[in-house]
1. Report the local net charge at Ser186: Lys and Arg +1, Asp and Glu -1, summed over other residues whose C-beta lies under 13 Å from its C-beta.
2. Would you kindly compute the Cα radius of gyration of the stretch 48-162 and its largest Cα-Cα separation (Dmax), both in Å?
3. Excluding residues fewer than 8 places away in the same chain, name every one of the aspartates and glutamates whose C-alpha is closer than 15 Å to that of Lys91.
4. Can you tell me the length gained on complete extension of the stretch Asp27 to Ser77, counting 0.36 nm per residue apart and subtracting the Cα distance?
5. Please get the size of the charge dipole for the chain, origin at its Cα centre, with Cβ charges of +1 on Lys and Arg and -1 on Asp and Glu, quoted in debye to the nearest 20.
6. Each residue of the stretch 55-62 in turn: what ³J(HN,Hα) in whole Hz from Karplus with 6.51, -1.76, 1.60 and θ = phi - 60°, glycine and Pro shown as x?
7. Per-residue accessible area for Tyr127 at 1.4 Å probe radius, Å² rounded to 10?
8. For Arg201 and Leu180, compute 0.36 nm times the residue count separating them, minus their Cα-Cα distance, and round to one decimal in nm.
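The values are calculated or read from the model by the stated rules, or taken from the named source; none is laboratory data. Because the structure is predicted, anything quoted here is derived from the model rather than measured. All Cβ positions, glycine included, derive from the backbone under ideal geometry; neighbour counts span all protein chains shown. Remember, those area values only see protein heavy atoms, side chains included, never the ligands or the DNA or RNA. Shrake-Rupley method; radii C 1.70, N 1.55, O 1.52, S 1.80 Å.
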Amino acid sequence: RTDMQTLRLLIPNFNPPKNFDKLGRIDFSGRFDGFFVDFVAYGELQSELGKATMDMRMDLRRGRDLAEYSGQLSLESFDLARWADDDRLGKVTFRSEVKNGVGLTLETVDVKLGANIQSFTFKDYTYENLAIEGKFNQKLFDGKLNIKDDNIDLAFDGALDFSDSIPLFNFRAQVNELDLKSLNLSKQNFVLAGKVDIELRDKNFANMTGHIVANDLMLQK
């Protein structure tokens with residue numbers, strides 16, 4: 001049993017971002033082999049934001065920027081709204097695998113990952129059965145996402161580039177169904193389908209610039 005303040009004092013070169021403090025009291029039940037800066041751990045970790053199940057290796061001997069890690073991590077009912085200070089978000093449950101990870105900051109991260117998200121809430125709508133795979137390399141994520149439920153059915157692949165002060169979103173999507181009102185993305189009763197190529201820039205959706213090319217587009221109102 002511990003907390004992030006105690007871990008910062010115990011572990012050399014360990015200084016995660018401040019939002020890790022929101023985890024509050026941490027209870028770990030399982031096995032921990034090695035040292036604080038180089039260890040293998042598996043078991044269950046309970047925090048004030050949710051539960052995690054892990055089987056992972058972490059090597060922090062060269063600091064957070066050059067940390068090496070790999071393994072599996074699952075989150076159950078993890079409170080993303082509190083973690084990210086964003087009330088549009090809700091809770092998330094997922095299973096993920098990380099391969100050959102290096103770096104724990106946006107400037108140094110280089111990792112291959114795959115995830116199956118059983119549930120994820122955004123703007124009071126709970127998405128289910130999302131599959132993600134890709135590579136995250138120094139503020140660039142290149143990967144694929146597939147999701148299908150009663151109100152959304154799409155597959156896309158592309159890249160999210162945060163290397164500049166203005167992020168770039170560049171991806172291609174096959175949209176079989178996108179019910180904007182049911183997803184709480186529009187007050188109007190619109191359903192979209194079609195093939196879409198998108199390149200947009202900006203952090204704020206309302207200010208984005210770029211281009212969208214759509215083929216076989218269907219818009220139902």
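1. After counting each charged neighbour, the total is +3.
2. For the stretch 48-162, the Cα radius of gyration and maximum Cα-Cα distance read 14.9, 47 Å.
3. Within reach: Glu48, Glu76, Asp79, Asp124, Glu128.
4. Stretched fully, the Asp27-Ser77 segment lengthens by 16.4 nm.
5. The calculated dipole for the chain is roughly 280 debye.
6. Karplus-based 3J(HN,Hα) across the stretch 55-62 equals 8, 9, 10, 9, 10, 9, 4, 9 Hz.
7. Taking all protein chains as shown, Tyr127 has close to 20 Å².
8. In short, 5.4 nm is gained.
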